[in-house]
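Input: a single structure, listed below in structure tokens.
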Amino acid sequence: MITRFSVAMTTSVALDLTKHLRRADGQEDCSFVLWRPSTGSRRTTALIIDLVLPADGERIVHGTVDFTSEYFLRAAGIAAEQGCGVGFIHAHPRGRRWQRLNDIDYAAEASFAAQAVTLTGLPLVGMTFAGGDAGYGARIWQRHAPRTYVPTEAESVRIVGGRFTVTFNDSLVPAPEATNRQVRTISAWGQDTQNDLARLHVGVVGTGSVGMLVVEALARTGLQRLSLFDFDTVEHLNLDRLLHATDRDVRLHRAKVTIAARAAHRAATAAKMHITKYETSVVEPDGFAAAADCDLLFSCVDRPWPRAALNLLANAHLIPVVDGGISVDVRGGRLKGAEWRAHVAAPGRACLECLGQYDPAHVPVERDGLLDDPTYIKGLSADHPLRRKENVFIFSASAATAQLNQFLTMVTAPSGIADTGAHLYHLTTGTVDYRLKGCDSGCPYDGQLCALGDHTPVDVTGRHTAAEQARAARRNAARRWPVRFQRRMDDWLSKHQ
Ligand SMILES: [Zn+2]
Ligand SMILES: [Zn+2]
């Protein structure tokens, strides 16, 4: 039984819906749609992949709209053939924002909810389009008793592409409570934008030098729900770049994600803050499923395997991924230059593979554990991207800022512009290169993998030895009494301050 539900679609599907449902004569219209499931650890999303538009005589527009059973059977037949579910959407021409189910709509959808499951094997998704502002409402019809189907309301409807637009269900995801801590922030972009930003469930994958800064910014900005992912333990060599990390954290073998969660709680300006930390990699099955619960992900990792997993989440599961990276050019011990990049992977934009952010040939190498094998790393040329580790706090701060700006532009669209392309910044020349085009032709992420959800034929997850070892080492350290004692004292102090 699905208890937490959401709907997502690409901008191009959303445009097709708007074109069909927003009639010049102001009357209601309807369409059947096809959907595929994307299952996270707690939330299920219906990915709307296509419309089955009514043929002549299949629907009757008379102020309101009716459809024939032939139309329903044709749509359900196409869905069954493609292994998809069937959904039904109708318009409220003057509606705005989240659309609730009224009595007439309830009876109409309930009348074919059982048949939809029988014909497709998947529950009926009901949707309402708000003609006033292109908002939505959505629900999924599930069996509660024999012949009794009941709608579970969605939390949100997400449109993913150049711009990221979310219609939230105010009764399940209420607008944030006003606080006196965000006066300046709200004066910059208004309460409506703040309500949209604050309600996004954002995942930060990798809470190292860049990720920690991203977490800080999101918490200060007033976001209410963060999921943080990192399996690593903080070490002395992180302290020159890791905001908030202390010598004491190193001695207590703290997970980076623990420091990030602590910092986010302290920096939070939202009245209520929900932070979930995962000491897992996004390539481990639990980590991947938890990432699929998020509305948007920040990629603050530098390895090919997690980037491949994130690229899949962006395109197959329609969860936009704000990615970045840093490369420092050092020759003969001297700084020759530095570059950092920031971009968003989402349908219609270039994917991480096309941007050259990882080489798919390196993914199996990392899966075999070779990137954590000193002998293998030693065998690579000194300037091999998998070998280079040079970095400083200032470049991390630059990359984090560039990623945060990409996020803000995509969600708030200042002056109506949401997509400014992929950015590559050069320290030496102070210039920026842009890539405005999407994926290279023939890229599978742009083609057959788009919005496949659970039906994706490749499993990018697996056992991650380095993550397992890091967690085991922390458990062992926690058994030693000085660490145990100091951690307890810290916990006590944090509760009694
Ligand atoms: Zn209606
Ligand atoms: Zn691509």
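Since every read-out is calculated from the coordinates, none of them should be taken as a lab result. Keep in mind that what you see is a predicted model, and the values were worked out from it rather than measured. Cβ: placed from backbone, ideal geometry, glycine included. Neighbour counts: every protein chain shown.
What to note about this one:
- The stretch 248-301 and the stretch 5-72 have Cα centres lying 36 Å from one another.
- Candidates per trypsin sites (Lys or Arg not before Pro) in the stretch 37-127, loop by DSSP, up to 16 other Cβ within 10 Å: Arg42, Arg94, Arg96, Arg97, Arg100
- Basic side chains Lys and Arg get +1 at the Cβ, acidic Asp and Glu get -1 at the Cβ, and with that the dipole of the stretch 4-168 about its Cα centre reaches some 720 debye.
- For the stretch 183-472: rounded, prolate or oblate by the Cα gyration tensor [a/c cutoff 1.5]: rounded
- Ranked by how many other Cβ atoms sit within 10 Å of their own Cβ, fewest first, the residues Tyr106, Tyr358 fall in the order Tyr106, Tyr358.
- An oblate overall shape is assigned to the stretch 331-399, the ratio a/c of its alpha-carbon gyration tensor axes (a ≥ b ≥ c) being 1.5 or greater and a/b not exceeding b/c.
- Simple spin-label estimate for Ile394 and Gln448 in nanometres, 7 Å along Cα-Cβ: 4.9 nm
- Sequence-distant residues sharing a close amide H with Lys277 (under 5 Å, placed H): Leu228
- Taking every C-alpha pair closer than 8 Å and separated by at least 6 residues, the mean separation divided by the residue count of the stretch 402-497 gives a relative contact order of 10 percent.
- Extension gain for Glu235 to Thr148 (0.36 nm times residue separation, less C-alpha to C-alpha distance): 25.7 nm.
- Calculated [θ] (222 nm, deg cm²/dmol) that DSSP helices of n ≥ 4 give over the chain, each run adding -39,500 (n - 2.57): -10500 deg cm²/dmol
- Fewest-first ranking of Cys443, Cys30, Cys300, using other Cβ atoms within 10 Å as the exposure measure: Cys443, Cys30, Cys300
- Considering only beta bridges that DSSP places wholly inside the chain, some 60 percent are antiparallel.
- Extension reserve of the Tyr434-Arg487 stretch, reckoned as 0.36 nm per residue once the Cα distance is removed: 14.4 nm
- For the stretch 62-173, radius of gyration divided by Kirkwood radius, i.e. Rg to Rh on alpha-carbons: 0.97
- Spin-label pair Ala24/Lys495, simplified geometry with 7 Å Cα→Cβ offset, distance in nm: 6.9 nm
- Restricting attention to the stretch 183-472, the count of lysine pairs at 8 or more positions apart or across chains with alpha carbons under 29 Å apart stands at 8.
- Net +/- balance of residues flanking Ala267 in space, Cβ distance below 9 Å, scoring K and R +1, D and E -1: +1
- Counting only Cβ charges, +1 for Lys and Arg and -1 for Asp and Glu, the dipole size of the chain around its Cα centre is about 2000 debye.
- Rounded to the nearest 20 debye, the dipole size of the stretch 159-281 about its Cα centre is 240 debye, using +1 on the Cβ of Lys and Arg and -1 on the Cβ of Asp and Glu.
- Counting other Cβ atoms within 10 Å as a rough exposure proxy, the listed residues Ser281, Ser396 run Ser396, Ser281 from fewest neighbours to most.
- Three-way shape call for the stretch 223-306 based on the alpha-carbon gyration tensor, with the a/c threshold at 1.5: oblate
- Extension gain for the segment Ile104 to Arg480, taken as residue separation times 0.36 nm less the Cα-Cα distance, is 128.9 nm to one decimal.
- Net charge of Cβ neighbours under 11 Å - reference Gly348; Lys, Arg +1; Asp, Glu -1: +1
- Sequentially through the stretch 335-343, phi angles give Karplus couplings (6.51, -1.76, 1.60; θ = phi - 60°) of 6, 9, x, 8, 9, 9, 10, 8, 6 Hz, Gly and Pro residues having no value and appearing as x.
- The stretch 183-472: relative contact order as a whole-number percent, Cα under 8 Å and 6+ apart: 20 percent
- For the pair Val458 and Ala55, label points projected 7 Å from Cα toward Cβ lie 3.8 nm apart.
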